[in-house]
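Data block below; observations after.
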Amino acid sequence: MLGIETSCDDSCAAVLAGDGSILSNVISSQSIHDKYGGVVPEIAARHHLELLTPTIAAALRQAELTLEQIERVAVTQGPGLIGALLVGVGQAKAIAAARSLPLVGVDHLQGHIAANFISPEPFEPPFICLIASGGHTLLARVEDHSSYSTLGETLDDAAGEAFDKGARMLGLPFPGGPALEALAAGGDAEAFDFPTARNVRGFDFSFAGVKTALLYTIRDLGEGEAERRRADLAASYQRAIVEALVDRLSRALEADGGDHVAIGGGVAANGPLRAAVEALGITSHIPARELCTDNAAMIASAARFLPDCSQQAALTLDAYPSGAQR
Ligand code: KG4
Ligand code: ZN
């Protein structure tokens, strides 16, 4: 199966074998967005147009297959940047139509969950999954391989957005998550006490407060002192985000009575978050870092458990920018 993912700024193509193992997983990142401090939707779409065809070719080459040997095509339908999504959906429809192959439209968040189903160590439902990315942060109850129900979600910013915006305040490049994690490694995580929105009830998240707290702390410290204490600020800020995520995850596990947990989304690549989930001491599944951030292997993995589009839908399949329209 050929998987295609273009929901944001990474042009991704992957080939999965019938047993769900990865034959190739190629990610072409668009570093141009760093210049603007965030993803510019129109530029992302234009770059997908240039990058996607060679990325698919590279995925086939690495899998040592030709397009003639592909039996099914899977593509991210949404949510994401509409112009970016349309490039992937258009390409997938064209390949499927030209070769009379079945086409599967995949929800991006279902893809992040399905990163946990990839061989050789597929994690079996039921489990609770924390999905934390640049656009979404939610807790999902995963009952089977093809769907999930939402237990809670962020009321404002996504966790990845909080990392990106915090990183920007600390003068770090975009995407901020990996850069902030690296800076935090040399800092004291207890140096500052940032809020973790514990007062938000239930399983919902809020990251607007911690972001504002960082802004005010930097302002109050003054330029020189804030610069000197950048690593401490990064480490404390990261601790607050990770604590907020794990706090809600623990609440959900307790209420649900579940003892199996998985994570997904770009923020799941974060070392301290991975360590904190492992430290819960229950059966956990933590995908490899390259399967947490956007990739097409997870899209193909989700498609293994989803039905093909009808012949009619394969021609009319459309992208959607938000929500889930499966
Ligand atoms: O899932 P993803 O690749 O794209 C979306 O669907 O949004 O997630 C991207 C987000 C960005 O906000 C990025 O800063 C964050 O994931 N991220 C990280 C790390 N790696 C990526 N956040 C914290 N620590 C990381 N190591
Ligand atoms: Zn994502």
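The values are calculated or read from the model by the stated rules, or taken from the named source; none is laboratory data. What you see is a predicted model; the values in this text were computed from it and never measured. Because the Cβ atoms are built from the backbone with ideal geometry, glycine has one as well, and the counts that use them run over all protein chains shown. Protein only, heavy atoms only, side chains kept; ligands, DNA and RNA dropped before computing areas. Shrake-Rupley method; radii C 1.70, N 1.55, O 1.52, S 1.80 Å.
Residues in the chain average 42 Å² of solvent-accessible surface per residue, probe 1.4 Å, ligands and nucleic acids excluded.
Using a cutoff of 8 angstrom between alpha carbon atoms and counting only pairs six or more residues apart, the relative contact order for the chain works out to 25 percent.
Computed with a 1.4 Å probe over protein heavy atoms only, the accessible area of Met1 comes to about 30 Å². Computed over segment 69-228, relative contact order equals 15 percent, with contacts defined as Cα pairs under 8 Å that lie 6+ residues apart. In the complete set of protein chains, residue-level accessible area for Ile56 is approximately 10 Å², probe 1.4 angstrom.
Suppose R0 equals 45 Å. What FRET efficiency, 1/(1 + (r/R0)^6) with r the Cβ-Cβ distance, do Ala98 and Lys35 give to the nearest 0.05? Calculated transfer efficiency: 0.80. Split the accessible area of the chain by element, probe 1.4 Å, and carbon with sulfur accounts for 51%. Only helices reaching 27 angstrom along their own axis (Cα) with mean Kyte-Doolittle hydropathy no lower than -1.0 count here, and for the DSSP H runs of the chain these are 41-63, 230-256. For segment 196-326, the residue among Ala234, Gly258, Ser322 whose Cα projects farthest onto the positive side of the dipole built from Cβ charges is Ala234.
With contacts taken as Cα pairs under 8 Å at a separation of at least 6 residues, segment 4-58 carries a relative contact order of 40 percent.
Counted by Cβ distance under 14 Å from Ile218, the other residues give a net charge of +2, where Lys and Arg count +1 and Asp and Glu count -1.
Across all C-alpha atoms in segment 1-99, the radius of gyration and Dmax reach 13.3, 41 Å. Of the listed residues Tyr148, Tyr237, the order by accessible area with a 1.4 Å probe, largest first, is Tyr148, Tyr237. Ranking Ala98, Ser133, Gly83 by how far each Cα lies toward the positive end of the dipole of segment 82-161 (charges on Cβ) leaves Ala98 at the top. Within the shell defined by Cβ-Cβ distances under 15 Å, the residues around Met298 carry a net charge of -4, with Lys and Arg each +1 and Asp and Glu each -1. Per residue, the chain reaches -13000 deg cm²/dmol at 222 nm when only DSSP H runs of four or more residues are counted, each adding -39500 (n - 2.57). Annotation: amide H of Ala74 within the under-5 Å range of Leu2, Gly3, Ile4, Val104, sequence separation 5 or more or interchain, hydrogens built in the peptide plane. Each Lys or Arg adds one and each Asp or Glu subtracts one; over the other residues with Cβ under 12 Å from the Cβ of Phe174, this totals -1. Think of each Lys and Arg Cβ as +1 and each Asp and Glu Cβ as -1; about the Cα centre, that makes the dipole of the chain roughly 440 debye.
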